[in-house]
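J.: First, the structure itself, so that you have it in front of you.
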Amino acid sequence: MKLIWNILLAAALLSGCNSPNHSSNLSEADRKTAQTTAASRPGGNDQTDTQNTSYLQYSLNETNGWKLRVAGQGMFTADNTLYKTTDGGKSWSEISSSAAGELPGETLSDLLFTPKERGWITVNGPRNGYIGLFYTEDGGQTWEHANVEGASESTYTIRVPVFFSSTTYGLLQVKENESLQDTSLFFVTKDSGETWEAISNKRTGQWNSMEWTISEDQGKSIWEVHVKDKTWRYDGSQWSNK
């Protein structure tokens, strides 16, 4: 009787091993969607995640948002993947990656999107004279290095620009490569980031319709910016509209 039971058990196990894999019945699109959803979810079941993996997320409004997966590879390099949601985060679709050559293969530090499909990312890798600012004009599918001229050989940025709402003006702050402190050099734009102009050693000043004042408070740079009849303030960590 025991022999018969062992034979039946072995047959059942063999039958299970030969059963069809249900995931193979999924379409290629369904498989990609399932993989993307897992990969883009922090703490998900993506087995390639390591302690060096981080996520940057930006919501443009209640439905549209982006999520950037940064998997550090060492020496300021990373495997980067960008996902987009159009349903408030219920589902995510991969739109670009460093593996496909669409994103920089460096450690990314910040993410910003503005209306009209324009977005910005920064590279967290201090290198003399290298302003690691990249932009997209198609919602994140392709990226180009921003032409920020006038940077000194000792500056870099890990911050995306700040754009002052309801205007076309913006500001890009940079840091000193050795001390990692804010510098007296910054960049301004009046065409939503199409072109940038360097401003250096001017704690107060005016450029076209933009005025600014920079002060120091406990080692932090405090900014106050006026564009026409509106004012914004930077307290050393974030911007607010006064």
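Read-outs: derived from the displayed coordinates by stated rules, not from any lab. For clarity, every value in this text was computed on a predicted model and none was experimentally measured. Neighbour counts are summed over all protein chains in view; Cβ atoms, including those assigned to glycine, are modelled from backbone coordinates with ideal geometry.
J.: Longer than 21 Å from Cα to Cα, which of Lys202/Lys228; Lys67/Lys116; Lys67/Lys242; Lys84/Lys242; Lys116/Lys228; Lys220/Lys242 are they? Say none if no pair is.
T.: As for pairs spanning more than 21 Å Cα to Cα, those are Lys67/Lys242; Lys84/Lys242; Lys116/Lys228.
J.: Let me ask you something else. Suppose R0 equals 22 Å. What FRET efficiency, 1/(1 + (r/R0)^6) with r the Cβ-Cβ distance, do Glu137 and Thr168 give to the nearest 0.05?
T.: 0.90
J.: Within the stretch 186-213, list the residues whose amide N lies under 12 Å from a label point set 7 Å along Cα→Cβ of Lys228.
T.: Correct set: 209-210.
J.: OK, next. Any chance you could list the semi-axes, whole Å, largest first, of the equivalent ellipsoid that the Cα gyration tensor gives for the stretch 59-147, using √(5λ)?
T.: Semi-axes (√(5λ), whole Å): 22, 15, 11.
J.: Moving to a separate point now. I want to check the label-to-label distance for Asp191 and Lys116. Put each point 7 Å from Cα in the C-beta direction and report it in nm to one decimal.
T.: With each label placed 7 Å out from Cα toward Cβ, I get 1.1 nm.
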